[in-house]
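Following: one structure in structure tokens, then a few remarks.
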Amino acid sequence: CVWKVTAPGHPEHALYLAGSVHALRPSDYPLPAAYDQAFNASNRLAFEVDPSDMKRMTERLFAASRLPSGVELKDRVDPRTYAYLLRVLEKTGTPETKISRYQPWYLAMILEGRGQPSGVSTTHGVERYLISKAQKANKPMTGLESWKRHADVFAAMSREEAEVTLLLGFIQLDTVGPEFLKAVSN
């Protein structure tokens, strides 16, 4: 999960590319030694989004997750999609009123979290681990894309794209747990 990239003839100039899992369990630590080796050899870190912008990105995503006033989810998706969502909600004991004002893509994110195995949390994700280490070591951090651009991937979805994201969330609901365990145990 960690690659070292160098230019031919210049092994002293290295870039490390690390695979990441956004949510893990405490028992998934310590990470493989390659993560610490790459961290120790690096003088700065770049994440998907600058860690200092995470709060603004989360606020933007949450604001965009709300449907416009007077619009309900059942008016934004195919009746079959909505009926299936109600069956999923019934299994979790979630009342329809709790989801009626959210975008379909946001509900897909929530469903993904519900499919995770017990104890899995973003608190234990690889990013949080590396951010904490970088802060303690006073290593500069940056993002590869702006928080707004990252949030707008979801916020700018068409109705059809948002519904497809929810439909994919249904598929992943039953597979994300086993797939997660398989991925982190390799």
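The values are calculated or read from the model by the stated rules, or taken from the named source; none is laboratory data. These numbers were taken from a predicted model, which means no experiment stands behind them. Neighbour counts run over all protein chains shown; Cβ positions are idealised from the backbone, glycine included. In case anyone asks, the SASA skips ligands and DNA or RNA and just uses the protein heavy atoms, side chains included. Shrake-Rupley method; radii C 1.70, N 1.55, O 1.52, S 1.80 Å.
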Legend entry - Separation of the Arg80 and Glu145 label points, Cα + 7 Å toward Cβ, nm: 3.1
Legend entry - Long-range HN-HN contacts of Gly143 with modeled amide H, under 5 Å: Phe47, Asp50
Legend entry - Percent accessible area from carbon and sulfur atoms, the chain, protein chains only, probe 1.4 Å: 55
Inset, instruction - For region 1-143, take the alpha-carbon Rg, divide it by the Kirkwood Rh, and send me Rg/Rh. - result: 1.11
Legend entry - For region 28-183: relative contact order, % (alpha-carbon pairs under 8 angstrom, 6 or more apart): 42
Inset, instruction - Using θ = phi - 60° and the Karplus relation 6.51 cos²θ - 1.76 cosθ + 1.60, list the HN-Hα couplings for region 93-100 in order, rounded to whole Hz, with x at every Gly or Pro. - result: x, 8, x, 4, 4, 6, 10, 5
Legend entry - Label-point separation, Ser20 to Ser69 (7 Å along Cα→Cβ), nm: 3.7
Legend entry - Long-range amide H partners of Leu31 with built H, under 5 Å: none
Inset, instruction - Kindly provide the trypsin sites (Lys or Arg not before Pro) of region 1-55 that DSSP labels as loop, not H, G, I, E or B, and whose Cβ sees at most 16 other Cβ atoms within 10 Å. - result: Arg44
Legend entry - ³J(HN,Hα) computed for each position of region 128-133 - Karplus, 6.51 cos²θ - 1.76 cosθ + 1.60, integer Hz, glycine/proline x: 4, 4, 5, 4, 4, 5
Legend entry - Under 30 Å, Cα to Cα: Lys pairs in the chain, sequence gap 8 or more or different chains: 20
Inset, instruction - Only loop residues by DSSP count here, and only those with at most 13 other Cβ atoms within 10 Å; note down the chymotrypsin sites (Phe, Trp or Tyr not before Pro) in region 125-177 that meet that. - result: none
Inset, instruction - As a check on your grasp of the helix formula, calculate [θ] at 222 nm for the chain: sum -39500 (n - 2.57) over DSSP H runs of n ≥ 4, divide by the residue count, round to the nearest 500. - result: -16000 deg cm²/dmol
